[in-house]
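Data block below; observations after.
The values are calculated or read from the model by the stated rules, or taken from the named source; none is laboratory data. All values reported here derive from a predicted model rather than from experimental measurement. FYI the Cβ positions are ideal-geometry reconstructions off the backbone, even for glycines, and counts take in every protein chain you see.
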Amino acid sequence: MKYEKYQLESDRKLLLFEFVSVGAKGRIKKIVQYTETNLKDYYNLGFGDKDEKTGEINDLVITNNGDSQQVLATVASTVYAFTDKHPDAWIYARGSNSARTRLYRIGITNNLLEIKKDFEVFGLKDDQWHTFRKGVDYKAFLIKRKKP
């Protein structure tokens, strides 16, 4: 993505990433986590603020730190890093509510030409996966790195 990104820290397996969002509400720790599912090579992408008490992702809080483009670009950069290490992975993503899923769709739509250079992108509509198209309201997304 063509936006500035935050500096990332990650675990060795590149399943967990952390960064700090800096904006109007201060410095807010964020987590991006890839979790294996019961399907081989399918991972769930989890993202949200880091709960300081539990260390877990809080994907329900609304931060409004004024840096959403930079945050989304940083999350997108984890997809590149993760799929470099796990090239056969399918990544499932869905917002914690319909408004967040819509924001993800807008982010994909706004960067679709660039994303399609490296990834296949699918959207879930009517309980079926379809090649991602602009202007379609999807319930979830599935992303796969293209083979070189």
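Overview of values
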{"read-out": "Evaluation of K25 against (1) more than 23 Å from E120 (Cα to Cα); (2) charged (D, E, K, R); (3) surrounded by 16 or more Cβ atoms within 10 Å (Cβ to Cβ) (one fails), failing number", "value": "(3)"}
{"read-out": "Boolean, Q7 is of a type in the set (S, T, N, Q), part of a loop (DSSP other than H, G, I, E, B) and either within 16 Å of the chain's Cα centre (by Cα) or at pLDDT below 95 (or both)", "value": "yes"}
{"read-out": "Selected residue (only one of A93, A81 is modelled with pLDDT of 95 or more, within 11 Å of the chain's Cα centre (by Cα) and not aromatic (F, W, Y))", "value": "A93"}
{"read-out": "Residue within the range 76-84 that is touching a Lys or Arg at 6+ places or on another chain (Cβ under 9 Å) and either over 22 Å from V20 (Cβ atoms) or of a type in the set (D, E, K, R) (or both) present", "value": "yes"}
{"read-out": "Helices (runs of 4 or more DSSP H) contained entirely in the range 31-132, each with at least 1 residues that are surrounded by fewer than 18 Cβ atoms within 10 Å (Cβ to Cβ), among the polar types (S, T, N, Q) and free of Cβ contacts under 8 Å to residues at least 12 places away in the same chain", "value": "98-110"}
{"read-out": "Restricting the range 133-146 to residues that are touching a residue at least 40 places away in the same chain (Cβ under 8 Å) and assigned to a loop (DSSP other than H, G, I, E, B), the residue that is farthest from T78 (Cα to Cα)", "value": "K139"}
